[in-house]
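Colleague: Okay, handing you the structure first.
Rule-based calculations on the coordinates, nothing more; no lab input. Note that the coordinates shown come from a computational prediction; the quantities given were computed from them, not determined experimentally. Here the Cβ positions follow ideal geometry from the backbone for every residue, glycine too, while neighbour counts run over all protein chains shown.
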Amino acid sequence: MAGQLMGKWIPIGLVMCLIATGWVEEGQKAKKVPSELPPIDELVKPARRPLTSEEAEKMVKWIIDAISLKGWSVSRREAIRALGNEIGHVAVIPVLEKIARDQREDKNIRATAVRAIACIPDEQAIEVLIGILDEAEKNLKTNPKDQAAEEVMFAAKEMLFRLFAPPVDFPDPRKTWAENFRLYWESVKKKIDLRRSVFSLKFMSH
């Protein structure tokens, strides 16, 4: 019971911290997105924007569902997806990363968390995806029969491919997938528009 209560208080405390640091807008100051803006502004919002009170409330609910529910369930899967697709804010990356890296978790839930991270248009999300891929590759090298690591590696690799659309000479077979993606990321991160990359990812998923 104490653990469950603590799990519920953590997200609430998170939102209070977000308010204090400016991630969450106070009151009803949120501006509506004008209808004449292109679809990208509706589908992919900036990952470091101040959250509206409505967004913050939804985020708390979905974080609670994501961390308090155990194993695989539709409710938990949809909560994890929503944190990436609907909230898409850097504030949810640590929650999703913890789920994705937890080797005690259901492999499909971990893969869902990986795909949710990919929907957050921020450099931090890319760094986390590459780190998760690196860890999964190392786990598979130690235990080639690790199905969960294989599932996580596939999800991370798939998302990075879809976000980057690397050239035909990618990858270098002498390097691991994580090494290849990290080198490519270092070469493009100053010029890539991650919001457009995530927009393409979401558009192609519909």
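Colleague: Please express the Cα-Cα pair-distance distribution P(r) of segment 99-179 as a list of whole percents, one per 5 Å bin, running from 0 to the bin with the greatest distance.
Modeller: 3, 16, 27, 26, 17, 9, 2, 0
Colleague: Same structure, new question: Please list 3J(HN,Hα) in residue order for segment 157-172, calculated via the Karplus relation 6.51 cos²θ - 1.76 cosθ + 1.60 where θ = phi - 60°; whole Hz, with x for glycine and proline.
Modeller: 5, 4, 5, 5, 4, 6, 6, 8, 6, x, x, 5, 7, 8, x, 7
Colleague: Hey, another quick one. My understanding is that a pair violates if its Cα-Cα distance is over 20 Å; which of 70/157; 138/191; 157/202; 45/107; 141/175 do that in this structure?
Modeller: Over 20 Å Cα-Cα: 70/157; 138/191; 45/107.
Colleague: Report the local net charge at residue 90: Lys and Arg +1, Asp and Glu -1, summed over other residues whose C-beta lies under 10 Å from its C-beta.
Modeller: Computed value for this residue: 0.
Colleague: Report the charge-dipole magnitude of segment 37-176 in Debye, nearest 20, computed about the Cα centre from +1 at each Lys and Arg Cβ and -1 at each Asp and Glu Cβ.
Modeller: Dipole magnitude for segment 37-176 comes out near 380 debye.
Colleague: Would you kindly give the portion of the calculated P(r) for segment 69-206 that falls above 25 Å, as a percent of all Cα pairs?
Modeller: 22 percent
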